[in-house]
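First comes the structure, then the notes that go with it.
The values are calculated or read from the model by the stated rules, or taken from the named source; none is laboratory data. Nothing here was measured: the structure is a model prediction, and the numbers come from that model. Please note: Cβ atoms are built from the backbone with ideal geometry, for glycine as well, and neighbour counts cover all protein chains shown.
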Amino acid sequence: LANRAFHPEDSIIDVSGVKVGGDHLALIAGPCSVESHDQVLEIAKAAKASGANLLRGGAFKPRTSPYSFQGLGMEGLDILCAVREEVGLPIVTELMSPDYLDVFNEKVDLIQIGARNMQNFDLLKQLGQLDRPILLKRGLNATYEEWIMSAEYIMASGNENVILCERGIRTFETYTRNTLDLQCIPVLKKKTHLPVIIDPSHAGGKWWLVEPMAKASVAAGADGLMVEVHNDPESALCDGAQSLKPSNYDQLLKQIKQIASVV
Ligand code: PEP
Ligand code: MN
């Protein structure tokens, strides 16, 4: 179902009125984790003013250590919903457990499946029953074929609204958090008709790598960017080192728009 051979045109996915794919860039911005209402509101207002069209924020967090901040859970989701009303940006947030399928289907505009759940096949099958589009992140060591097959699980179960998101893969290099695989953009666009977006924040793990990699991604044909933005990165509860300040995000989008207008 994802195969370009049977669907030559680019798929355009509608996220509560925001189109993604074709000539439409998804500009997703927001904190790694929802920490408080004021935090998300401040970041969302700034990001929207800069040109972001979707708001991200983790309520349920897949943390490597059980002793790290695990997210605010349902309270975090309620904060995102409140900020959506106040600022007018559709929300993107990660679903980790099938326990919350119904509430996410009701409340979340774009349901994110994180790298660690890319091959949670039971969860993928259940996403096929939902009406909401799915943002499917690449597994930490997934091949293109494995990633496409995970999209296929969702599509074959009845939900063809899938957006692919590269977030860096694990290599022998340890200086960067992961290694951004820019080649995935032309490869996946050749093999599938689905939109492909890039998350340079989790790829590099350092805020100053976000701008060059985001620019390269759009130049290479990415259908959007997911960027972590925090109003106070030094005191962020999660991923502060890779988060842009709102002023830097504003600078980034100015450059992205120039690149997008020529590619
Ligand atoms: C995230 O985007 O918040 C996240 C946890 O990313 P990943 O699943 O790519 O690690
Ligand atoms: Mn993060």
Segment 152-169: number of residues that are hydroxyl-bearing (Ser, Thr, Tyr) and either crowded, with 24+ Cβ neighbours inside 10 Å or in a helix (DSSP H, G or I) (or both): 1
Take the residues in segment 170-201 that are crowded, with 22+ Cβ neighbours inside 10 Å and within 14 Å of ligand 2 (Cβ to nearest atom); name whichever of them is farthest from residue 9 (Cα to Cα). 201
How many residues are closer than 11 Å to residue 200 by Cα and either among the aliphatic types (A, V, I, L, M) or away from ligand 1 (no atom under 15 Å from the Cβ) (or both) when one looks only at segment 219-229? 3
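Results for (1) of a type in the set (S, T, N, Q); (2) free of Cβ contacts under 8 Å to residues at least 40 places away in the same chain; (3) within 19 Å of residue 63 (Cα to Cα), shown as yes or no for each residue.
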residue: 133; (1), (2), (3): no, no, no
residue: 136; (1), (2), (3): no, yes, yes
residue: 169; (1), (2), (3): no, yes, yes
residue: 198; (1), (2), (3): no, yes, no
residue: 217; (1), (2), (3): yes, yes, no
Looking at this structure, is residue 169 at pLDDT 95 or above, among the aliphatic types (A, V, I, L, M), in contact with a helix residue (DSSP H, G or I) (Cβ under 9 Å, 6 or more places away or on another chain) and away from ligand 1 (no atom under 15 Å from the Cβ)? no
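Any idea how many residues of segment 195-248 are hydroxyl-bearing (Ser, Thr, Tyr), within 15 Å of the chain's Cα centre (by Cα) and over 29 Å from residue 65 (Cα atoms)?
Let us first name the residues in segment 195-248 that are hydroxyl-bearing (Ser, Thr, Tyr), namely 201, 217, 235, 243, 247.
From what is left, the residues that are within 15 Å of the chain's Cα centre (by Cα) are 201, 217, 243.
If we keep only those that are over 29 Å from residue 65 (Cα atoms) as well, we get 217.
Qualifying residue count for the region: 1.
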Just to be sure I understand the filter: pairs with C-beta atoms under 6 Å, separated by 6 or more residues or on different chains, first member in segment 46-57 and in contact (Cβ under 8 Å) with a residue 40 or more places away in the chain, second member within 13 Å of ligand 1 (Cβ to nearest atom). Which pairs pass? 47/29; 47/229; 52/29; 54/28; 54/92; 56/28; 56/30; 56/92
Considering only helices (runs of 4 or more DSSP H) wholly within segment 176-220, the ones with at least 1 residues that are over 23 Å from residue 52 (Cβ atoms) are 184-191
Scan segment 116-157 residue by residue and report those that are touching a strand residue (DSSP E or B) at 6+ places or on another chain (Cβ under 8 Å), within 20 Å of residue 12 (Cα to Cα) and more than 16 Å from ligand 2 (Cβ to nearest atom). 127, 130, 132, 133, 134, 136, 147, 148, 150, 151, 154, 155
Screening 77, 110 for residues that are buried (at least 16 other Cβ atoms within 10 Å of the Cβ) and free of Cβ contacts under 8 Å to residues at least 60 places away in the same chain leaves only 77
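Identify, please: which residue in segment 227-247 is of a type in the set (Ser, Thr, Tyr) and part of a helix (DSSP H, G or I) and is, among those, nearest to residue 209 (Cα to Cα)? Give the derivation first.
Pass one, segment 227-247, residues of a type in the set (Ser, Thr, Tyr): 235, 243, 247.
Right, trim to part of a helix (DSSP H, G or I) and you get 235, 247.
Numbers: 235: 20, 247: 16 Å.
Restricting to residues being of a type in the set (Ser, Thr, Tyr) and part of a helix (DSSP H, G or I), the top hit is 247.
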